[in-house]
1. Cβ under 15 Å from V356's Cβ, V356 left aside: what net charge do those residues give with Lys, Arg +1 and Asp, Glu -1?
2. Roughly how many whole Å is it from the C-alpha centroid of the range 145-170 to that of the range 329-404?
3. Taking the chain as a Gaussian network, Cα atoms linked when under 10 Å apart, which of L84, L261, L295 shows the biggest mean-square fluctuation?
4. Out of every Cα pair in the range 298-406, what percent are spaced more than 19 Å from each other?
5. Could you check which residue among R328, R260, R232 shows the biggest mean-square fluctuation in a GNM of the chain with a 10 Å Cα cutoff?
6. Carbon-plus-sulfur fraction of the accessible area of the range 278-331, 1.4 Å probe, in percent?
7. What does the helix-only formula give at 222 nm for the chain: each DSSP H stretch with n ≥ 4 adding -39500 (n - 2.57), the total divided by the residues, and the result rounded to the nearest 500 deg cm²/dmol?
8. Calculate the spin-label point distance for A138 paired with L399, positioning each point 7 Å from the Cα along the beta-carbon direction, and give it in nanometres.
Amino acid sequence: MRGLSLLGLLLWGLSLAQASILYLPLDDRPPNWGPCAWERVACPPREVYRGPEGADLAALRAWLLASPGEKLVASLDALAYGGLLQSRHLALPAEDALAWLAPLLAWRVRYGGELLLFGVVPRWDATQRQRNLAVLEALASWPGLPGVYLEAVWDDALRNSPAPREARALPYPSRPGADEAGQVLLLRALRPGLKVAVVYEDEALAERVTPYEGIPLRDTVMGLLQSALAQRVSLEEGPDLVLYVYGGRNPRKATHDLLRLMPRFPVALADLSRVNRGDPGLMAYLVGLGLYPRLASYASWGTPANNLGSALAQGGLFLKDPEGRLRRLAEAYFAYWWGEVGRPWVRARFPEPLPVEAQEVAALWPYLELEGYRVDLEDLRFPWERSFEAEARLGLTTLSLEFGGRARPTW
């Protein structure tokens, strides 16, 4: 194992004695690892997650058993297989995978904390689909145990994918998604009962079967609200948060909707116009009219479920944290920019694994202002050496400062 000994992990766990919420991510790609930098949860050491190689299973187990907490949000696939990619193809018998999951119940008995768990029903091309399903089916009794919540999310269900049917056959909740699942369960852990009103750009969107989901959009939305233990309410009932669902049909109308809603409610905007990319027309309105910095959250980086879950979770978690909200908006804008500008530029010029020269794309970063701060792209790297995801270090500089003034800390 690189960087950390088992003794080091034990000491790390003991240092978390005061942590109330533990988070064991699916892997260390930005959507999954991101919450570890939000100052809300305690996570395993980053070195335990080894990019496309997968997590060190023994190290994860050691960290878990040494880390007390009131609640644990954990990915089954990380603990059993090492991550999402490994879960698809790692040749591991179901019995061995279940043995790797046993420490979760040991943690529950040892520390008395609540378990909030999610497992992934694999996508069409996984060579270990039947093994993974057998593991999920073997956990049927877990939700009946005190203090254990378990759900299944299905990953990238293309047309005629068996995953939605397989997931719904499990005797516990299921819905589309994967990379946002940890964020949504953190909302359940930290702010259960959030009152959410859902507003669609066009009500007809609710019946649309969205890409990679295999079910009507309204069912995806309801599944996410149930995962978050959120309460759906009407606008008239005074929601804590409005989840605005944008389908890409009319950015001008959507902007008018936001202008009407935002003076009254915090609005989390999920841009579902394109998979893994946002709508530049809508973003031009948001930035040009000064609406983007006033959003509660924004997401356009992934599949519809990814974007809905990220917007919902971040909007709810940072309602009363103005600085945290701005940080999340900066990160979400970077993800939008990466899909629209950064990723196409890199793919047109460099093969994978990406060379260090691919970091030159950072020179294209635009000027972005958020409520009196300039957002600077201070560092950019590719943790998996591929263009699909990029990890940024962003900084905020106070615009009121003269040259030579002090910049805000980076994150």
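1. -3
2. 34
3. Greatest mean-square fluctuation among the candidates belongs to L261.
4. Looking at the range 298-406, the distances longer than 19 Å represent 51 percent of pairs.
5. R260
6. Carbon with sulfur: 57 percent of the solvent-accessible area.
7. Using -39500 (n - 2.57) per qualifying helix, the result is -10000 deg cm²/dmol.
8. Each label point lies 7 Å from its Cα, and together they span 5.7 nm.
The values are calculated or read from the model by the stated rules, or taken from the named source; none is laboratory data. Small disclaimer: the values here were computed from a predicted structure and weren't measured. All Cβ positions, glycine included, derive from the backbone under ideal geometry; neighbour counts span all protein chains shown. For accessibility, only protein heavy atoms count, side chains too; no ligands or nucleic acids. Shrake-Rupley method; radii C 1.70, N 1.55, O 1.52, S 1.80 Å.
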